[in-house]
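K.L.:
A single structure is presented below for examination.
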Amino acid sequence: MCGGRRDAVAGRDAGGVRLGRRGERTTESNMGLIESLKFIWLFLPNLMPREFYELGVMAVAFLAVVIFITLMVLFMVWFERKVVGHMQVRRGPLHTGGFHGWAQSIADTLKLFLKEDIVPRGVDRPVYILAPLIVFMSTVVAYIVIPFSKSLVARDINMGVLFVFAVSSVTTIGIFMAGWGSNNKYSLLGAMRVAAQIVSYEVPLLLSVLGVFMLAQTLSLSGIVEAQKHVWYVFLQPVGFVIYVIAGIGEVNRLPFDIPEAESELVAGFHTEYSGLRFAFFFLSEYANMFVMSSMATVLFLGGWHGPVLPGFVWFLLKAFSFMFLMVWVRATYPRLRVDQMMAFCWKILLPLAFLNLLVTGLVMAAV
Amino acid sequence: MPELKTDSLFINMGPQHPSTHGVLRLGLTIEGERVVNVFPDVGFLHRGIEKLAESRTYIQTIPLTDRLDYVAGMSNNLAYVLAVEQLLDVEVPRRAEFIRVIAVEMSRLASHLVWLGSFANDLGAMTPLLYCFREREDILDALEILCGARMTFNYIRFGGVARDATPAFVEKTRKFLSTFDKRVDEYEELLTENAIFVNRTKGVGLLTREEAISYAVSGPVLRGSGVKWDLRRDAPYSVYPEMDFVIPTGETGDVFDRYAVRVMEMRQAARIIRQALDGLPEGDFTAKMPRVLKPRKGEAYSRIEAPKGELGFYVMSDGTASPYRVKIRAPSFINLAALPAMSKGALVADMVAVLGSMDIVLGEVDR
């Protein structure tokens, strides 16, 4: 009984969605309230069965992640339109909401919510309906392990990196289902391309990350960030970083690798037949996935939450959004690759380069 | 293990597709990503312009020609007017000829800019589109000063042009030209020097010299295949013999060559406009014309180097106030016939590049 309670407390410690943030905001005047809340929080696990508590923590974490994703995507869509707009001598959204069209993405989302839910006749109904959910869920789940700061992480599992990449490959299945179930030839072509692309890009992506594991000697995301306290891995693994950037953009299907939804070729690729809320899920997960890739870059190469003066959480977001800015910049600059060129580039250039990088890393580590 | 059965897939590209540039329908038979057969299906934008011309007077037909290749209306005006002028036997004032050349070359620039932007967009680069439309906006502004319209000009008339070129127009054009070459350099930096762009276009959509000639393609598509044929030099009209310009040609006849030819043509067009502005003589902008035009009985054919290729107008007159028959040789329509030859063994993505590199305008294909 007693041991069980201690486990529960330990579980809460690992669970980590608490204290840190609230503690930082504490002021002298409401110290008493905060203290008593802390007290209740600490003893919460002892007041209910452990399963309930775990479920509760999971629910809170999930809710926090979904709210964060929604806000982040709303901001990111607006940000991207602004940045691309200025790069293209336009201004981007300017009117909705008053200040530089800040409410544009909110308005767009509302529009998508209010649209009629159309399921075309002739689609493979269960597959068609499940696809956006699978894509969205697999993206959300990856957020669980992302360490936003030292304490702000929903679940710090000891092989976080593998978890993120494994889970975000599930997206492919969802996208393939969407393409297959839509009963549309363009969607089908898009689905075929997704399958080909992900198989190609997953391999160099993981290989580029492998060098980081070797240096950090751990698979835990927090551990990797801790290991970069003094020097960021982008300086120790420059080749790995470049491969990661290329393969990461390929992984999230954005220009120049937006081959599965190439609008000038396949109309809209796998989501041609989707509209309204179902389309919103694809849209949401594309941007959410972008953030996963960016935050992984931050964690693996850019030193995670480390940085002077500002709190870790802010540093993390700054780095992640800089990486997102890079993706937007690339999108505004480059034309799209062709399917076969993309594959050739991946297998003939990226993969050998990644292996070479790994070899050199290993040799240097053995020598030092 | 049972043998896997593979089948080819028929896919309709258009008439509602983002990169068929209008209402062109392509019937593609594909095996995986590879295109094994393609046929262009035209006619969705047929308005019967040739037939309409028969029930209108000669001058009422000029606005109809604006609606052929609607991104370069001036060229269509000029080709039609040149044909009818052969039947009218008028002497066009020199100033009018110069203004015509300026207007037509401005139209060529506008047309090539629209093409460059949308072609880059077809390949997935979306920024050049906006840049090109920025330049085109200046051209349209200048043409608006010249004739009051931005797309459907109805400007070039029998015996001259509708209005004189004002100093404001000359100034606006010069201002535009002063930055234009630098802007073209910028586009080339974005595209010609981009490895992805070069990979997507080099060696794709090959049209050999012999094929190009036997399909009777014209314009940049023909020159891209290495045939040095430009009506401005080989069958001169207006005051082109006095202009100094180079005719760029490609070597292999792939998508990249057609792209390079058009970009070089833009620089040459700017050069021609500069020369024409410098040499713009004083004088009348139109000859004295009767109120009711009744060309002599007979027939006439005129052809000019339009931005898309050789644009020909065959006009038959029975001596009344409206033409007996007008036949238009539209370059886009004839170039389109070479599409299946160009897209042999192409991938779906190449189809878009090849089609984009031909620069067709459906208003002209379907007339």
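K.L.:
What residue, of A:224, A:175, A:157, is surrounded by 24 or more Cβ atoms within 10 Å (Cβ to Cβ) and more than 25 Å from residue A:355 (Cα to Cα)?
P.N.:
On the way: A:224 fails: more than 25 Å from residue A:355 (Cα to Cα); A:157 fails: surrounded by 24 or more Cβ atoms within 10 Å (Cβ to Cβ).
Answer to the selection: A:175.
K.L.:
May I pose another question? Out of the strands (runs of 3 or more DSSP E) lying entirely within segment B:1-94, which hold 3 or more residues that are without any contact (Cβ under 8 Å) to a residue 40 or more places away in the chain? Explain how you work it out, then say what you get.
P.N.:
Working: elements: B:9-13, B:25-31, B:34-41.
Of the strands (runs of 3 or more DSSP E) lying wholly inside segment B:1-94, those with at least 3 residues that are without any contact (Cβ under 8 Å) to a residue 40 or more places away in the chain span B:9-13, B:25-31.
K.L.:
Also, I was wondering about something else. Considering only residues of segment B:326-356 that are crowded, with 24+ Cβ neighbours inside 10 Å and away from chain A (no Cβ under 14 Å), which is farthest from residue B:201 (Cα to Cα)?
P.N.:
B:326
K.L.:
Return the total of residues in segment A:250-277 being more than 14 Å from chain B (Cβ to nearest Cβ) and either assigned to a loop (DSSP other than H, G, I, E, B) or surrounded by fewer than 22 Cβ atoms within 10 Å (Cβ to Cβ) (or both). Even if it seems obvious, please write down each step before you answer.
P.N.:
Taking segment A:250-277 as the starting set, the residues that turn out to be more than 14 Å from chain B (Cβ to nearest Cβ) are A:251-252, A:270-271, A:273-277.
Keeping just the survivors that are either assigned to a loop (DSSP other than H, G, I, E, B) or surrounded by fewer than 22 Cβ atoms within 10 Å (Cβ to Cβ) (or both) gives A:252, A:273-277.
Result for segment A:250-277: 6.
K.L.:
Also, quick follow-up: Would you check if residue B:177 is assigned to a helix (DSSP H, G or I) and among the hydrophobic types (A, V, I, L, M, F, W, C)?
P.N.:
Against the criterion (assigned to a helix (DSSP H, G or I) and among the hydrophobic types (A, V, I, L, M, F, W, C)), residue B:177 qualifies.
K.L.:
Based on what the data block shows, is residue B:159 more than 14 Å from chain A (Cβ to nearest Cβ) and either over 22 Å from the mean Cα position of the chain (by Cα) or of a type in the set (D, E, K, R) (or both)? Show your work before the answer.
P.N.:
Numbers: more than 14 Å from chain A (Cβ to nearest Cβ): yes; either over 22 Å from the mean Cα position of the chain (by Cα) or of a type in the set (D, E, K, R) (or both): yes.
Spelling it out, residue B:159 is indeed more than 14 Å from chain A (Cβ to nearest Cβ) and either over 22 Å from the mean Cα position of the chain (by Cα) or of a type in the set (D, E, K, R) (or both).
K.L.:
Moving to a separate point now. Would you point out the residue of segment A:339-361, among those that are within 14 Å of chain B (Cβ to nearest Cβ) and in contact (Cβ under 8 Å) with a residue 12 or more places away in the chain, that is surrounded by the fewest Cβ atoms within 10 Å (Cβ to Cβ)?
P.N.:
Step one: of segment A:339-361, the residues within 14 Å of chain B (Cβ to nearest Cβ) are A:339-346, A:348-349.
Still in the list and also in contact (Cβ under 8 Å) with a residue 12 or more places away in the chain: A:339, A:342-343, A:346.
Numbers: A:339: 23, A:342: 22, A:343: 17, A:346: 24.
Applying the filter and picking the extreme gives A:343.
K.L.:
If residue A:288 satisfies all but one of (1) crowded, with 22+ Cβ neighbours inside 10 Å; (2) at pLDDT below 85; (3) not aromatic (Phe, Trp, Tyr), what's the number of the condition it fails?
P.N.:
(2)
K.L.:
Within segment B:223-261, can you find the residues that are touching a Ser or Thr at 6+ places or on another chain (Cβ under 9 Å) and assigned to a helix (DSSP H, G or I)?
P.N.:
Within segment B:223-261, B:223, B:224, B:231, B:232, B:255, B:256, B:257, B:258, B:259, B:260, B:261 meet the criteria.
K.L.:
Could you identify the single residue in B:35, B:84, B:71, B:42 that is within 14 Å of chain A (Cβ to nearest Cβ), among the β-branched types (Val, Ile, Thr) and in contact with a helix residue (DSSP H, G or I) (Cβ under 9 Å, 6 or more places away or on another chain)?
P.N.:
Details: B:84 fails: within 14 Å of chain A (Cβ to nearest Cβ); B:71 fails: within 14 Å of chain A (Cβ to nearest Cβ); B:42 fails: within 14 Å of chain A (Cβ to nearest Cβ).
When all the criteria are applied, what remains is B:35.
K.L.:
Now for a separate question. For segment B:288-345, give me the residue count where each residue is touching a helix residue (DSSP H, G or I) at 6+ places or on another chain (Cβ under 6 Å) and in a loop (DSSP other than H, G, I, E, B).
P.N.:
Count: 8.
K.L.:
Is there any pair with a first residue in segment B:222-247 that is at positive phi and a second that is surrounded by fewer than 18 Cβ atoms within 10 Å (Cβ to Cβ) whose Cβ atoms are under 6 Å apart and which are 6 or more apart or on different chains, and what are they?
P.N.:
B:226/B:209; B:226/B:251
K.L.:
Kindly evaluate residue A:247 against the criterion of being part of a helix (DSSP H, G or I), at pLDDT below 85 and of a type outside the set (Lys, Arg).
P.N.:
Numbers: part of a helix (DSSP H, G or I): yes; at pLDDT below 85: no; of a type outside the set (Lys, Arg): yes.
Here the answer is no, as residue A:247 does not meet what is asked.
K.L.:
Continuing with the same structure: Search segment A:75-99 for residues that are within 12 Å of chain B (Cβ to nearest Cβ) and pair each with any residue that is surrounded by fewer than 17 Cβ atoms within 10 Å (Cβ to Cβ) and aromatic (Phe, Trp, Tyr) when their beta-carbon atoms are under 7 Å apart and the residues are at least 6 apart or on different chains.
P.N.:
Note: pairs meeting the criteria are A:83/A:325.
K.L.:
Next up: Away from every other protein chain (no Cβ under 13 Å), among the small types (Gly, Ala, Ser) and under 27 Å from residue A:128 (Cβ atoms): which single residue out of A:166, A:191 fits that description?
P.N.:
Details: A:191 fails: away from every other protein chain (no Cβ under 13 Å).
One residue alone meets the criteria, A:166.
K.L.:
Additional query: Here is a list: B:29, B:6. Which entry is farther than 14 Å from residue B:360 by Cβ, within 14 Å of chain A (Cβ to nearest Cβ) and loosely packed, with under 14 Cβ neighbours inside 10 Å?
P.N.:
B:6
K.L.:
Select, from A:200, A:208, the only residue that is under 30 Å from residue A:359 (Cα atoms), in contact (Cβ under 8 Å) with a residue 60 or more places away in the chain, buried (at least 24 other Cβ atoms within 10 Å of the Cβ) and in contact with a helix residue (DSSP H, G or I) (Cβ under 8 Å, 6 or more places away or on another chain).
P.N.:
Values: A:200 fails: buried (at least 24 other Cβ atoms within 10 Å of the Cβ).
Going through A:200, A:208 in turn, the sole match is A:208.
K.L.:
Follow-up question, since we're still on this one. Inspect segment A:220-239 for any residue being over 19 Å from the mean Cα position of the chain (by Cα) and at pLDDT 85 or above and give the result as yes or no.
P.N.:
Taking every residue of segment A:220-239 in turn, at least one turns out to be over 19 Å from the mean Cα position of the chain (by Cα) and at pLDDT 85 or above.
K.L.:
Taking residue A:115, is it charged (D, E, K, R) and touching a helix residue (DSSP H, G or I) at 6+ places or on another chain (Cβ under 8 Å)?
P.N.:
Spelling it out, residue A:115 is indeed charged (D, E, K, R) and touching a helix residue (DSSP H, G or I) at 6+ places or on another chain (Cβ under 8 Å).
K.L.:
Look at segment B:114-135 and say how many of its residues are in a loop (DSSP other than H, G, I, E, B) and in contact (Cβ under 8 Å) with a residue 40 or more places away in the chain. Break it down stepwise before answering.
P.N.:
Narrowing segment B:114-135 to residues in a loop (DSSP other than H, G, I, E, B): B:123-126.
Remaining after also requiring in contact (Cβ under 8 Å) with a residue 40 or more places away in the chain: B:123, B:125.
Here the count works out to 2.
K.L.:
Return the pair list, or none, for Cβ contacts closer than 7 Å from residues in segment B:355-366 that are under 15 Å from residue B:122 (Cβ atoms) to residues that are crowded, with 24+ Cβ neighbours inside 10 Å and among the β-branched types (Val, Ile, Thr), at least 6 apart or on different chains.
P.N.:
Here the result reads B:357/B:255; B:358/B:221, each pair linking segment B:355-366 to a residue that is crowded, with 24+ Cβ neighbours inside 10 Å and among the β-branched types (Val, Ile, Thr).
Residue by residue, here is whether (1) acidic (Asp, Glu); (2) closer than 18 Å to residue A:66 by Cα holds:
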{"position": "A:124", "(1), (2)": "yes, no"}
{"position": "A:131", "(1), (2)": "no, no"}
{"position": "A:145", "(1), (2)": "no, yes"}
{"position": "A:157", "(1), (2)": "no, no"}
{"position": "A:165", "(1), (2)": "no, no"}
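K.L.:
What pairs come up if the first residue lies in segment B:101-113 and is farther than 19 Å from residue B:184 by Cα and modelled with pLDDT of 90 or more, the second is among the basic types (Lys, Arg) and buried (at least 24 other Cβ atoms within 10 Å of the Cβ), and their beta carbons are under 7 Å apart, counting only those six or more places apart or on different chains?
P.N.:
none
K.L.:
Look through segment B:196-227, keep the residues that are among the small types (Gly, Ala, Ser) and within 14 Å of chain A (Cβ to nearest Cβ), and return whichever of them is surrounded by the fewest Cβ atoms within 10 Å (Cβ to Cβ). Explain how you work it out, then say what you get.
P.N.:
As a first pass, look at segment B:196-227 and keep what is among the small types (Gly, Ala, Ser): B:203, B:205, B:212, B:214, B:216, B:218-219, B:224-226.
Within this subset, residues satisfying the condition of being within 14 Å of chain A (Cβ to nearest Cβ) are B:203, B:205.
On the way: B:203: 13, B:205: 28.
That would be B:203.
K.L.:
Do the conditions hold for residue B:138, that is, is it surrounded by 21 or more Cβ atoms within 10 Å (Cβ to Cβ), touching a residue at least 24 places away in the same chain (Cβ under 8 Å), closer than 30 Å to residue B:201 by Cβ and in contact with a His (Cβ under 9 Å, 6 or more places away or on another chain)? Before you say what the answer is, go through the steps one by one.
P.N.:
On the way: surrounded by 21 or more Cβ atoms within 10 Å (Cβ to Cβ): yes; touching a residue at least 24 places away in the same chain (Cβ under 8 Å): yes; closer than 30 Å to residue B:201 by Cβ: yes; in contact with a His (Cβ under 9 Å, 6 or more places away or on another chain): no.
No.
K.L.:
Would you say residue A:171 is more than 26 Å from residue A:195 (Cβ to Cβ), assigned to a helix (DSSP H, G or I) and of a type outside the set (A, V, I, L, M, F, W, C)? Break it down stepwise before answering.
P.N.:
Details: more than 26 Å from residue A:195 (Cβ to Cβ): no; assigned to a helix (DSSP H, G or I): yes; of a type outside the set (A, V, I, L, M, F, W, C): yes.
So residue A:171 does not fit the description; no.
K.L.:
Further, regarding this structure: Answer with yes or no whether residue A:113 is part of a helix (DSSP H, G or I), farther than 30 Å from residue B:131 by Cα and either touching a residue at least 40 places away in the same chain (Cβ under 8 Å) or in contact with a Leu (Cβ under 7 Å, 6 or more places away or on another chain) (or both).
P.N.:
For residue A:113, the condition - part of a helix (DSSP H, G or I), farther than 30 Å from residue B:131 by Cα and either touching a residue at least 40 places away in the same chain (Cβ under 8 Å) or in contact with a Leu (Cβ under 7 Å, 6 or more places away or on another chain) (or both) - is met.
K.L.:
Against the condition buried (at least 19 other Cβ atoms within 10 Å of the Cβ), within 11 Å of another protein chain (Cβ to nearest Cβ) and either under 24 Å from the mean Cα position of the chain (by Cα) or modelled with pLDDT of 85 or more (or both), how does residue A:317 come out, does it pass? Show your work before the answer.
P.N.:
Working: buried (at least 19 other Cβ atoms within 10 Å of the Cβ): yes; within 11 Å of another protein chain (Cβ to nearest Cβ): no; either under 24 Å from the mean Cα position of the chain (by Cα) or modelled with pLDDT of 85 or more (or both): yes.
So residue A:317 fails the test.
The values are calculated or read from the model by the stated rules, or taken from the named source; none is laboratory data. Fair warning: this is a prediction, and the values are worked out from it, not measured in the lab. Please note: Cβ atoms are built from the backbone with ideal geometry, for glycine as well, and neighbour counts cover all protein chains shown.
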